[in-house]
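Working notes, structure below.
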Amino acid sequence: MPATPFSRSFFVSQPRFNYYITPIFRSLTYQLSSSPFQFNAKSSTVRFHCALSQAAETDSPTGGRSGALTPNPTVTGEVQKIDVNPPKGTRDFPPEEMRLRNWLFNNFKEVSRLYGFEEIDFPVLESEALYTRKAGEEIKDQLYCFEDRGNRRVALRPELTPSLARLVIQKGKSVSLPLKWFTVGQCWRYERMTRGRRREHYQWNMDIIGVPGVMAEAELISSIVTFFKRIGITESDVGFKVSSRKVLQEVLKCYSIPENMFGKVCVIIDKIEKIPVDEIKKELKTVGLSEEAVQELLQVLSVKSLTELEERLGGSGEAIADLKQLFSLAEKFGYSKWLQFDASVVRGLAYYTGIVFEGFDREGKLRAICGGGRYDHLFSTFGADDIPACGFGFGDAVIVELLREKGLLPELSLQVHNIVCALDEELQGHAAMAANILREKGQSVDLVLESKPLKWVFKRASRTNAERLVLVGNSEWQKGMVRVKVLSTGEQYEVKLDDLN
């Protein structure tokens with residue numbers, strides 16, 4: 001069979017057939033339509049023929065190259081249209097949405113800077129084990145996880161705190177405590193979508209590592225309040241429900257519930273406003289709580305004041321002491337009106353150990369806006385010594401819904417300083433010179449790249465909210481000048497190119 005530009009032939013002596021041909025068979029990803037080889041007994045050779053569009057080389061898990069053979073593309077005469085929507089639960093960010101995202105992220109970052117935090121980041125792809133070491137968490141069932149080509153189990157990060165812990169452990173003694181770190185990163189969870197809940201979202205995290213006292217939690221809540229105030233949200237719009245995991249621990253100790261059941265109980269309690277109370281009771285009994293323990297636990301969780309909690313648990317426990325100190329500090333920070341005690345707040349992640357809090361919409365139309373707390377024992381689950389730590393996560397989706405609900409979304413239209421336009425096609429290079437002079441002076445320039453009528457240019461200027469129109473015409477250019485029109489006043493003047501600013 002003669003070779004063509006779309007075929008390859010290999011001639012191999014029979015004794016070495018297996019050595020050369022077997023790996024090629026293994027790399028084929030399609031079924032050949034005819035016999036793959038012909039054996040010639042007289043010449044003791046094997047001829048292997050395969051129709052190819054190309055011999056594509058791909059990365060192998062060992063770092064080398066594999067000679068994977070790519071089949072001819074199927075030509076049908078009709079190109080199938082793709083689905084132009086992003087995957088379910090994800091989003092595109094066209095310019096207007098990107099301007100809103102950048103505005104939000106800039107506020108996250110500016111508040112973090114005001115509080116002296118340093119920015120960090122981590123890979124969006126992490127080891128799956130980072131999220132599966134704790135039992136009983138709903139998050140394990142929501143992972144986007146798979147095995148990569150190196151046979152490693154990996155996952156798209158569903159949250160940021162485990163990555164933070166990994167980085168702190170990695171840095172070890174090379175960093176000095178306390179650490180005040182923040183990040184804004186994308187997270188992925190395969191979960192049921194509701195208003196403000198998607199399968200991917202961005203999250204602002206602030207964490208304090210190495211401070212055991214409640215002052216750290218007070219500082220974190222203060223930073224969130226500062227953020228709310230910057231974007232126009234008040235204490236009448238949003239509040240914080242505050243409690244402590246230690247409240248649950250004290251109740252469970254009374255009924256001799258094993259410590260290893262604590263995380264599972266917290267996960268169930270976290271559903272208390274999401275599913276009927278009878279379902280909560282059923283699940284609590286399933287993990288081993290007696291009827292009496294379930295009733296007592298639910299009664300404690302219904303408590304809405306520290307005074308009543310102290311009457312039930314006594315005033316000597318750590319939970320009461322921590323919460324009293326937090327509310328006292330809130331008075332000093334000036335945000336006590338934002339806080340309310342709610343014993344039912346436990347947060348769904350198993351690693352929380354002390355004070356926990358959630359930001360909520362006072363009208364009750366939205367899910368939790370943000371949440372966090374203390375996680376003093378997270379590091380030991382990764383094989384390191386424990387370090388006292390606390391932090392919060394603040395998603396980008398719910399806050400945008402709240403701003404929209406309150407009519408507080410900012411007007412963020414495109415805006416450039418200048419539009420530069422050549423009045424004749426042969427002057428386009430000179431227009432580029434004018435644009436570069438302005439850009440070097442820090443001004444934004446929308447350079448008209450084609451020959452367009454002035455009517456089109458003025459419409460473009462209106463759409464981009466340009467401040468000035470710079471026209472490069474023959475008569476002006478012959479004098480080494482350009483014409484400038486201030487669009488807000490209509491003022492026009494000529495200026496030398498070198499004096500353009």
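So, residue 473, is that one farther than 30 Å from residue 98 by Cα and surrounded by fewer than 12 Cβ atoms within 10 Å (Cβ to Cβ) or not?
no
Among the residues of the stretch 313-331, what is the count of those that are among the charged types (D, E, K, R) and free of Cβ contacts under 8 Å to residues at least 24 places away in the same chain?
Residues in the stretch 313-331 being among the charged types (D, E, K, R) and free of Cβ contacts under 8 Å to residues at least 24 places away in the same chain: 2 in total.
What is the number of the single condition among (1) open to solvent by 10 Å² or more (accessible area, probe 1.4 Å); (2) out of contact with any strand residue (DSSP E or B) (no Cβ under 9 Å at 6 or more places or on another chain); (3) among the small types (Gly, Ala, Ser) that residue 305 does not meet?
(2)
Looking only at the stretch 327-347, count how many residues are assigned to a helix (DSSP H, G or I) and more than 15 Å from residue 225 (Cα to Cα).
Residues meeting the conditions: 1.
Inspect the stretch 367-378 for any residue being open to solvent by 20 Å² or more (accessible area, probe 1.4 Å), touching a residue at least 12 places away in the same chain (Cβ under 8 Å) and part of a helix (DSSP H, G or I) and give the result as yes or no.
Taking every residue of the stretch 367-378 in turn, none turns out to be open to solvent by 20 Å² or more (accessible area, probe 1.4 Å), touching a residue at least 12 places away in the same chain (Cβ under 8 Å) and part of a helix (DSSP H, G or I).
Tell me which residues, restricted to the stretch 275-287, are open to solvent by less than 70 Å² (accessible area, probe 1.4 Å) and modelled with pLDDT of 85 or more.
Residues satisfying the conditions are 280, 281, 283, 284.
Is it true that residue 214 is surrounded by 19 or more Cβ atoms within 10 Å (Cβ to Cβ), within 13 Å of residue 326 (Cβ to Cβ) and touching a strand residue (DSSP E or B) at 6+ places or on another chain (Cβ under 6 Å)? Lay out the reasoning, then the answer.
Values: surrounded by 19 or more Cβ atoms within 10 Å (Cβ to Cβ): yes; within 13 Å of residue 326 (Cβ to Cβ): yes; touching a strand residue (DSSP E or B) at 6+ places or on another chain (Cβ under 6 Å): no.
It is false that residue 214 is surrounded by 19 or more Cβ atoms within 10 Å (Cβ to Cβ), within 13 Å of residue 326 (Cβ to Cβ) and touching a strand residue (DSSP E or B) at 6+ places or on another chain (Cβ under 6 Å).
If the Cβ limit is 6 Å and pairs must be 6+ apart or interchain, which residue in the stretch 183-204 that is polar (S, T, N, Q) pairs with which residue that is open to solvent by less than 30 Å² (accessible area, probe 1.4 Å) and in a strand (DSSP E or B)?
Partner pairs satisfying both residue conditions: 183/205; 203/187; 203/393; 203/395.
Every residue in the stretch 395-416 that is part of a helix (DSSP H, G or I) and of a type in the set (Lys, Arg), please.
Selection gives 404 alone.
Name, by its number, the condition in (1) modelled with pLDDT under 95; (2) crowded, with 21+ Cβ neighbours inside 10 Å that does not hold for residue 173.
Condition (2) is where residue 173 drops out.
Only residues that are part of a helix (DSSP H, G or I) and open to solvent by less than 80 Å² (accessible area, probe 1.4 Å): list them for the stretch 293-302, please.
Within the stretch 293-302, 293, 294, 295, 296, 297, 298, 300, 301 qualify.
Residue by residue through the stretch 484-501, note down the ones that are open to solvent by 70 Å² or more (accessible area, probe 1.4 Å) and of a type outside the set (S, T, N, Q).
491, 493, 496, 498, 499
Looking at the stretch 181-195, which of its residues are over 17 Å from residue 105 (Cα atoms) and surrounded by 20 or more Cβ atoms within 10 Å (Cβ to Cβ)? Outline the logic, then answer.
Quick first cut of the stretch 181-195, residues over 17 Å from residue 105 (Cα atoms) only: 188-195.
188, 189 - these are the residues of the stretch 181-195 that are over 17 Å from residue 105 (Cα atoms) and surrounded by 20 or more Cβ atoms within 10 Å (Cβ to Cβ).
If the requirement is being farther than 30 Å from residue 100 by Cβ, open to solvent by less than 10 Å² (accessible area, probe 1.4 Å) and touching a residue at least 24 places away in the same chain (Cβ under 8 Å), which of these qualifies: 244, 290, 223?
Testing whether each residue is farther than 30 Å from residue 100 by Cβ, open to solvent by less than 10 Å² (accessible area, probe 1.4 Å) and touching a residue at least 24 places away in the same chain (Cβ under 8 Å) leaves just 244.
Conditions tested, residue by residue: (1) surrounded by fewer than 18 Cβ atoms within 10 Å (Cβ to Cβ); (2) outside the structural domain of residue 263 (by the TED database); (3) at negative phi; (4) not basic (Lys, Arg).
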residue	(1), (2), (3), (4)
315	yes, no, yes, yes
322	no, no, yes, yes
327	yes, no, yes, yes
332	yes, no, yes, no
335	no, no, yes, yes
339	no, no, yes, yes
343	no, no, yes, yes
352	no, no, yes, yes
356	no, no, yes, yes
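The values are calculated or read from the model by the stated rules, or taken from the named source; none is laboratory data. Here the structure is a predicted model, which means the values were calculated and not measured. No Cβ is skipped: glycine too gets one built from the backbone with ideal geometry, and neighbour counts run over all protein chains shown. Note: accessible area is taken over every heavy atom of the protein model, side chains too, but ligands, DNA and RNA are not part of it. Shrake-Rupley method; radii C 1.70, N 1.55, O 1.52, S 1.80 Å.
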